[in-house]
1. Angle check, please: helix 155-167 long axis (alpha carbons) against the longest principal axis of the chain (alpha carbons), in degrees 0 to 90, nearest 10.
2. Quick one: with all protein chains in place, what share of the accessible area of the stretch 88-207 is carbon or sulfur, to the nearest percent (1.4 Å probe)?
3. Trypsin sites (Lys or Arg not before Pro), restricted to the stretch 116-207: which are DSSP loop and have at most 14 other Cβ atoms within 10 Å?
4. Compute the acute angle (0 to 90°) between the alpha-carbon long axis of helix 76-85 and the principal axis of greatest extent of the alpha-carbon atoms of the chain; round to the nearest 10°.
5. So which lysines can Lys188 reach, going by Cα to Cα under 18 Å and dropping same-chain residues fewer than 8 places off?
6. Search the structure for amide H atoms under 5 Å from the amide H of Cys26, placed 1.01 Å from N in the peptide plane, and list their residues when 5 or more places away or on another chain.
7. Find the accessible area per residue for the stretch 113-207; the probe is 1.4 Å, ligands and nucleic acids are left out, and the unit is Å².
8. For the stretch 9-60, which whole percent of the accessible surface, found with a 1.4 angstrom probe, sits on carbon and sulfur atoms?
Amino acid sequence: MRITGIEQQKKNTKRYNIYIDGEYRCSVEEDILQELNLSKDMELNESEFNHTLKIIQYKGALRAALYMLARAPKTEMEIEKYLSDKQHAPKVIKKVLEYLKEIGYINDESYAESYIRSIKDVTGTSRRSIYQKLAAKGVDKEIIQQKLEQAEIDDYASAIGAAKKKMGSLKGSSREKKLKLLNYLYRKGFGIDACKRAAEELIREED
């Protein structure tokens, strides 16, 4: 097997297409190309080529994952989905995820703890809404529950804050306002008890 061509891509000038015996076989980032010392007319046997291809695929997937993590922390599922959407092979994705977890770049427990800490005091944030958001990101349900318990979120106090912001825009009788508040708070993810207590408290203060 011989590398018969290494051509710079027109749309992405930092990426190159590699041709083996006149046929396109893969593309590679410029620095990875240099790191592997690949050059035109280089001879490779089947085993060497397959090994080189695996390195290219792994390094490409790892680069993509690190780029995403540099922008903001992500869960394991988010990285997996991102790489899958980029059409990286499942085996390569698994290897990248294992490495990133090993070096601590992916840690769903730490992610959940940090996420809860950053959002728990935002007006109108409920335990259920946090739970649902973290579950949608792929965090294990037991981890979410544990971190929520440690955070000691006061759903009633948060519901009161949300209700106060909403009250000014409500029209109608006290009964109508109470019903609207109940619906609003329930949609925000608060439990029925917190919804009732908060709505009754705000209507009582207004009356």
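The values are calculated or read from the model by the stated rules, or taken from the named source; none is laboratory data. Remember, predicted model here, so these are calculated numbers, not experimental data. Methodologically, a virtual Cβ is constructed for each residue, glycine included, from the backbone with ideal geometry; neighbour enumeration extends over all protein chains shown. Only protein heavy atoms, including side chains, enter the accessible area calculation; ligands, DNA and RNA are left aside. Shrake-Rupley method; radii C 1.70, N 1.55, O 1.52, S 1.80 Å.
1. 80
2. Carbon and sulfur atoms account for 46 percent of the accessible area of the stretch 88-207.
3. Lys171
4. 50
5. Lys120, Lys133, Lys164, Lys165, Lys166, Lys177, Lys178, Lys180, Lys196
6. Counting only residues 5 or more places away or on other chains, the set is Ile18.
7. Accessible area per residue: 60 Å².
8. Summing carbon and sulfur atoms, their accessible area is 44 percent of the total for the stretch 9-60.
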